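Following: one structure in structure tokens, then a few remarks.
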Amino acid sequence: MPQQPFIMTNEPLPGSVSAAILFTELGSAVTESLLPYFSTKELKRLSKALKAMPPYNVENTLQVLQRTEDYAKDHGFYVQVPRNQLLDELDEAMQRDVNFRTRVGGTTEEVAAVLGTWLQGE
């Protein structure tokens with residue numbers, strides 16, 4: 001049986017859109033190091049998904065980031081990043097901005113933890 005994809009998405013985001021979003025969020029240094037792990041077929045699919053990406057939508061990006069964090073926690077490679085003053089300041093600003101806080105549905109620490117996981121490979 002083939003290995004399961006890194007992230008399985010539910011509607012409304014197809015897996016190819018989620019993969020393209022995550023790939024762009026990782027940044028070029030990280031994604032360049034990932035390329036050798038893809039088959040030619042996967043690279044073609046990813047390239048096609050990147051070219052067909054819908055316009056930027058923060059909700060889609062947050063959904064993909066949350067699913068990535070959940071996957072990392074479920075599979076034991078989630079890394080808790082240490083707090084710093086900038087994160088504390090962002091949390092304070094988010095707590096004052098109820099609308100933003102409601103849309104994000106998490107803390108800056110949670111978003112930073114996902115980014116920290118990605119950056120471990122650098």
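Where a number appears in this text, it was derived from the coordinates with a stated rule and is not lab data. Please read these numbers as outputs of a predicted model, since none were measured by experiment. Because the Cβ atoms are built from the backbone with ideal geometry, glycine has one as well, and the counts that use them run over all protein chains shown.
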Sort the stretch 34-82 into rounded, prolate or oblate with this rule: let a ≥ b ≥ c be the square roots of the eigenvalues of the Cα gyration tensor; rounded if a/c is under 1.5, and if a/c is not under 1.5, prolate when a/b is larger than b/c, oblate otherwise. oblate
For the pair E92 and T31, what calculated FRET efficiency results from E = 1/(1 + (r/R0)^6), where r is the Cβ-Cβ distance and R0 = 25 Å, to the nearest 0.05? 0.15
K44 paired with V79, simple spin-label distance in nm, labels 7 Å along Cα-to-beta-carbon: 3.5 nm
Once amide hydrogens are built 1.01 Å from N within the peptide plane, the residues lying 5 or more places from V79 or on another chain with amide H under 5 Å from its amide H are T117
